[in-house]
1. So for the stretch 380-464, what percent of the C-alpha to C-alpha distances run longer than 16 Å?
2. Using every pair of alpha-carbon atoms in the stretch 98-236, split the distances into 10 Å bins beginning at 0 and state the percent of pairs per bin, rounded to integers.
3. Considering only the other residues whose Cβ falls under 13 Å of the Cβ of residue 137, what net charge follows from Lys and Arg at +1 and Asp and Glu at -1?
4. Explain nothing, just compute: Karplus ³J(HN,Hα) = 6.51 cos²θ - 1.76 cosθ + 1.60, θ = phi - 60°, for every residue of the stretch 227-241 in order, whole Hz, x for Gly and Pro.
5. Quick check for me: using +1 on Lys/Arg Cβ and -1 on Asp/Glu Cβ, what's the dipole size of the chain about its Cα centre, in debye to the nearest 20?
6. Hey, how many Å between the Cα centroid of the stretch 350-423 and the Cα centroid of the stretch 50-114?
7. Using just the helices of the chain, give the 222 nm mean residue ellipticity in deg cm²/dmol: DSSP H runs with n ≥ 4 each add -39,500 (n - 2.57), and the total is spread over all residues, rounded to 500.
8. Regarding the stretch 180-258, what whole-number volume in Å³ per residue does the convex hull of its Cα atoms give?
Amino acid sequence: MLVESLSGVRGWYGRDLTPNIAQRYAAAYASSLMKAAKGKRLCIVIGMDTRPSGPALKDAMLPFLPADIIDVGVLPAPAIEHAVRHFRADGGIIITASHNEPHDNGLKFLRRTGAILEEQEMGKLIALAGRMDAARMKVVLSKGAKALGQRTVREARKEAIGAYRDFVFFIIGDSAGKIRKEKMTVVLDANGGAGSMAKHILAQAGIRVVALNSGHGDFAHAVEPTMETLAYLPPLIRKRKAQFGAGFDCDADRVEIILGNGRMLSGNELIALAARHMLSTSSRPEKEVVVVNDATSGMVGEVVRPYGALLKEVPVGESNVVREMKASGSRVGGEGSSSGIIIAPQTCRDGILGILMICGIVADRKKSLEELLGELPRRAYLKRKVSVSKASMAGLRRSIIAHYRERGLDVLAEKEGSIKVPMPGSAFAWFRASKTEAGVLRVIVDSPNGEKAEGLMREALALAGGA
């Protein structure tokens, strides 16, 4: 089925996501931009990951985008988002299904800041695309006829790569010199995705890269980087005496880090490492703000509190984190539940920047990544998925809320969003209907105590019907 959510649109190409559906979304997006532009000539950046259906979707959408087009080709999603800012475009479209398998594809729509549309904006776009029949599409084409007749289509992949490279080196700043001195090695599995360009950027930082599966579209294993798909890396990491191994999803916004001993870092640990480094090097750490989603482990809070800094929680969703980071002047944020670090002024998770950040911390602290992880607070963070029919989801939410309130616990419940139940002893249980996987309830528990976490998960699964 076609999944339409706050993070975009995705589905099996040709079955769920067809060229016609892509055209309806392109027309709806163009209509929104034209309305906001009030007659101004528009510019849209378009790029994609390495899925075979990407060019066909681009070709289907172009006739319905009455704007100058800057085509950056195959690039990581973070580089495409940066291209929107670099070229001062009015928006952008990324053709990607992220960690889904190659038969799927999808569309992400961007604001002029390069960030994905906010939840309310994406909701309006989904509704408008749903109403975009042939007659309405003709109206869009009629209004944009002059722009279509005059528009230019410019290929700018090389310039976009250079601009993105300069951008990430600007963010890591003085760490670049320290990384070069360390002469560290990283094993990199791009798995045929857009992250293959990372080897060139990392090499320019003085990192020795053992590059695997770098050919575009040469998917050596399942697209989502997991413990199972990256299990073959630790022996090679040890053999090459590398600091760590890294695996990307197809659009390279997400990176998973694995050590030579087989341990895979969690998103919570990555954010905790980034936050601690930022706070420990800040001249006024008590003025700093770290923004995370409400499913992030208490580990991050334990790292932040000793510095007197402020930890802000927002609902799940990259756009929510980015918006609050901008409002708060936060330099570090992310979603611990989904392996996402966001380093300002970037407006999304960024796998390449994440690797450089980790290498910079290792170089600055002069300790191995394994040693740095050993300094973090210990937490048990458990995640499960439960199949729940759409018809029963609302009733299940009410039952979960009632159960914990009957126990005398505070329940933080968003309307149709997550349910978070803070527990004594700095623990919590968290529930949310997935916005990207139909019929799935996500369940997370977090506690400093592993045995308590197991008990909380048993209780949560019994409530959700997944015991």
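1. On the way: 1710 of 3570 pairs.
It works out to 48 percent of all Cα pairs.
2. Bin by bin from 0 Å, the calculated values are 9, 23, 30, 23, 11, 4, 0.
3. That sum, taken over residues with Cβ under 13 Å, equals +4.
4. 4, 5, 6, 9, 5, 7, 6, x, x, 6, 4, 5, 4, 8, 6
5. Values: 66 positive and 50 negative charges, 186 e Å.
Using only the charged Cβ atoms, the result is roughly 900 debye.
6. 30
7. Helix-only estimate at 222 nm: -12000 deg cm²/dmol.
8. It is 75 Å³ per residue.
Only the coordinates and a few stated rules stand behind these numbers; no lab work does. The structure presented is a predicted model; accordingly, all values stated were derived computationally and were not measured. With ideal geometry, Cβ positions are generated from the backbone for all residues, glycine too; neighbour counts draw on all protein chains shown.
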